[in-house]
Amino acid sequence: MRAPPGMPEGTRLKATLIQAAVLCLTLTVMPCAAATLPAAETVPVKSRQIENFKIGSDQKRFGKLEFIGGIEMSSSNALLGAISSIRFRPDRKSFLAIMDTGHWVEGEIERDGKGRLAGTSDLTVTSMIDANGRSEQVKERMDCEGVAFRDGAVLASYEGFHRVDVYPDPGFAQSRPLASLPILIPPKSLRPNRGLETIAVSPKDSPLAGGAVVVSELSFDKAGHLLAAILDGPRKGLFGVVQKAPFAVTDGAFLPNGDLLLLERRFSFAEGIGMQVRRIKGAEIKPGAAVDGEVLLNADMGYQIDNMEGLDVIVQPDGEIRLIMVSDDNHSILERNLMLEFRLVE
């Protein structure tokens, strides 16, 4: 760029330097701004209702849970799939989910005249961004497995490059993380593809006083327990979860009283897939503890399940507690995208 003719030499030099600085700033900032504004994609969803949980049976009660209904989801858009965790908003119909391919998923559930799951709205899918402005194309850095809401923020847990990132809410889909929470667990203790699978935020009036909890999928401490940690709050510290072999933890959510529900799955070529839900008493979650709990539900291939990876707790206006679980189809034609709903029978 040149300064206007007739300008004094000193002034011309100053103008030239300013113009050069502006050009440099423009070239530096514009690519970064573009990198932090991923485009959202609309994913249409077709749903088929699931009326019976046990195949070929009208049974509704299973352990401590009562089956309400479910849906099997499909789409013409190949993006649908790989859902690893889900969290519902206070309206009990809007949800945020994450894919382990590094995508945010936003949508709403739809119900029929009997109040059963009937489908979902079209989904809005957006690439997640890491602290360096990189998107899901950097797979080893963006393998997101868990998500949770807390006080105007979204917490996202990742495995591979183990971390918990904090995004603004609203605004998470167009933002880099604002911060990262120290995970307390030594990263070298976490297996690359069996790391931080679960993040859940405890109720503020519970013993953990709103603290965030992470549980590993299949990474163990010296005692052979699953590595877990309370990341903040009055009970901040490491603890262990007794593994129920051959199950691995895939998600978790807190009940209103502070108890923690863990969703677990198993897979073997001999027995196929299985899932269970375990209840951990909140009072027992503390640094140095090795916690275990009652199994509320256990299901195998004789039931309408798949690779179950996401779990959330919804409290109805009358206080009734619902559990909604989702599956991860791994973008495979051999697996299904399921959403199942149960009532907790106290």
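The values are calculated or read from the model by the stated rules, or taken from the named source; none is laboratory data. Please read all numbers here as calculations on a predicted model, not as lab measurements. Note: ideal-geometry Cβ built from the backbone for every residue, glycine included; neighbour counts use all protein chains shown.
Tabulated results
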read-out: Single condition residue 257 does not satisfy, out of (1) crowded, with 16+ Cβ neighbours inside 10 Å; (2) touching a helix residue (DSSP H, G or I) at 6+ places or on another chain (Cβ under 8 Å); value: (1)
read-out: Criterion (free of Cβ contacts under 8 Å to residues at least 24 places away in the same chain, surrounded by 17 or more Cβ atoms within 10 Å (Cβ to Cβ) and not aromatic (Phe, Trp, Tyr)) met by exactly one of 309, 284, 264, 341; value: 264
read-out: Those residues of the range 113-142 which are at pLDDT below 95 and among the charged types (D, E, K, R), in sequence order; value: 130, 134, 136, 139, 140, 141
read-out: Condition met for residue 208 (surrounded by 15 or more Cβ atoms within 10 Å (Cβ to Cβ) and in contact with a Gly (Cβ under 9 Å, 6 or more places away or on another chain)); value: yes
read-out: Any chance residue 235 is touching a strand residue (DSSP E or B) at 6+ places or on another chain (Cβ under 6 Å) and of a type in the set (Lys, Arg); value: no
read-out: Residue check, residue 265 basic (Lys, Arg) and over 19 Å from residue 243 (Cβ atoms); value: no
read-out: Strands (runs of 3 or more DSSP E) completely within the range 85-180 that count 2 or more residues being within 21 Å of residue 75 (Cα to Cα) and in contact with a strand residue (DSSP E or B) (Cβ under 8 Å, 6 or more places away or on another chain); value: 94-99, 103-111, 117-120, 123-127
read-out: Test for residue 65: is it in the same structural domain as residue 191 (by TED's automatic domain parsing), among the aliphatic types (A, V, I, L, M) and over 22 Å from the mean Cα position of the chain (by Cα); value: yes
read-out: Selection within the range 138-194 - aromatic (Phe, Trp, Tyr) and within 22 Å of residue 250 (Cα to Cα); value: 149, 158, 161, 167
read-out: Condition check for residue 218: surrounded by fewer than 20 Cβ atoms within 10 Å (Cβ to Cβ), out of contact with any Gly (no Cβ under 8 Å at 6 or more places or on another chain) and part of a strand (DSSP E or B); value: yes
